[in-house]
Amino acid sequence: MICGKSLASALCVLTAVWLSSMNVRAETEVPIINHSFENGGAQTGVPNGWTLTGGSATGLGIVPGGSDGSQKLWVGPDVSIRQDLSHTLQEGEELTLRYQSSRGTNYARKVQLYAKSGTTYALMA
């Protein structure tokens with residue numbers, strides 16, 4: 001979930017790391033739809049593949065710039081978006097979320113990773 005970032009990530013990557021009993025690391029990249037916001041926004045103003053969970057879509061904007069493509073997402077105060085991924089966590093698996101962002105001095109920034117079971121979300125990081 002991305003909340004209240006003025007210039008949100010132009011690059012979001014979620015990496016799942018499996019640690020086996022033999023301490024062998026295997027990494028799998030978990031796809032994030034429209035991770036660099038190159039696929040634009042829907043008619044509502046929300047980026048394709050993302051869901052508005054707080055505030056108004058007028059507080060979102062896809063603008064030129066970015067480090068993983070030519071666009072980035074502007075997120076105004078009190079606006080949040082999320083994306084449910086189809087990845088199923090396995091016992092012993094670690095998740096790493098890498099992102100790039102910048103913000104104005106008047107904005108708070110919060111990026112959170114949740115696990116979903118049915119309709120229940122649990123904050124992981």
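Just for segment 1-53: of the residues that are aromatic (Phe, Trp, Tyr) and more than 17 Å from residue 114 (Cβ to Cβ), which one is modelled with the highest pLDDT?
Applying the filter and picking the extreme gives 37.
Are any residues in segment 83-104 surrounded by 16 or more Cβ atoms within 10 Å (Cβ to Cβ) and in a strand (DSSP E or B), and if so, which ones?
Within segment 83-104, 95, 97, 99 meet the criteria.
Inside segment 43-54, can you point out the residues that are part of a loop (DSSP other than H, G, I, E, B) and under 17 Å from the mean Cα position of the chain (by Cα)?
45, 46, 48, 49, 50
Is there any pair linking a residue in segment 88-99 that is at negative phi to one that is acidic (Asp, Glu), with Cβ under 9 Å and at least six apart or on different chains, and which?
Pairs that qualify, where the first residue is at negative phi and the partner is acidic (Asp, Glu), are 96/27.
The values are calculated or read from the model by the stated rules, or taken from the named source; none is laboratory data. Note that the structure is predicted; figures quoted are calculated from it, not measured. All Cβ positions, even for glycine, are placed from backbone atoms using ideal geometry, and neighbour counts span all protein chains on display.
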